[in-house]
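Rule-based calculations on the coordinates, nothing more; no lab input. Model, not experiment: these values are computed from the prediction. Please note: Cβ atoms are built from the backbone with ideal geometry, for glycine as well, and neighbour counts cover all protein chains shown.
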Amino acid sequence: MEALTPIIWLDQAEQRLLERLKTVKDRVEYLLEVYPESRNDDFYLWLLYVRTFDKNLSNYIKFIPYRLIKNAVKFETISRVRRKIQEEGRLLPTDPKVLEKRRRLSKIYQRVIPRV
């Protein structure tokens, strides 16, 4: 895995931590250790990751307590409902590249996975 570049906006203590956490894997392991709740929720883990390690996103994402996140509708549920709506041919992607990629994948799945 490719090492990530240093983040210059951090203070010295945070910079030392990042010197130890060079890869995404190292950083995810760190977050899983420090925030045990993130072991149960990939969205929360992602949120912590970008808030901690991505300067651009961290400027916009403020701290949200896990107790609030765990009661919110899950990302997977939203994604599943979007897929179902688009399977019905409604509210399709607006980006032609995304639409073409999904159509190609759909045709592959139809050939590989027999209908039940």
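Observations
- Restriction of the GluC sites (Glu not before Pro) in segment 26-116 to DSSP coil positions whose beta-carbon has at most 10 other beta-carbons within 10 angstrom yields Glu88.
- When the pairs Lys22/Lys101; Lys55/Lys107; Lys55/Lys101; Lys25/Lys74 are compared against a 29 Å limit on Cα-Cα distance, Lys22/Lys101; Lys55/Lys107; Lys55/Lys101 fall above it.
- In a DSSP loop and with at most 13 other Cβ atoms within 10 Å, the chymotrypsin sites (Phe, Trp or Tyr not before Pro) in segment 30-116 are Tyr60, Phe63.
- Here Rg/Rh (Cα atoms, Kirkwood Rh) was calculated from the structure, and among (i) 0.94; (ii) 1.19; (iii) 1.09 it sits at label (iii).
- Charges were assigned to the Cβ only: +1 to each Lys and Arg, -1 to each Asp and Glu. The resulting dipole of the chain about its Cα centre is roughly 860 debye.
- Centre separation in Å (Cα based) which lies between segment 64-116 and segment 25-46: 24 Å
- Arranged from fewest to most other beta-carbon atoms within 10 Å of their beta carbon, Ser106, Ser38, Ser58 become Ser106, Ser58, Ser38.
- Charge tally in the Cβ shell below 12 Å around Pro96, where Lys, Arg are +1 and Asp, Glu are -1, Pro96 excluded: +2
- The trypsin sites (Lys or Arg not before Pro) of segment 53-93 that meet both conditions, a loop assignment by DSSP and at most 13 other Cβ atoms within 10 Å of the site Cβ, are Lys62, Lys70, Lys74, Arg90.
- For the chain, the longest principal axis of the C-alpha atoms and the axis of helix 75-87 are separated by about 20°.
- Dividing the radius of gyration of the alpha carbons in segment 12-64 by their Kirkwood radius gives 0.95 for Rg/Rh.
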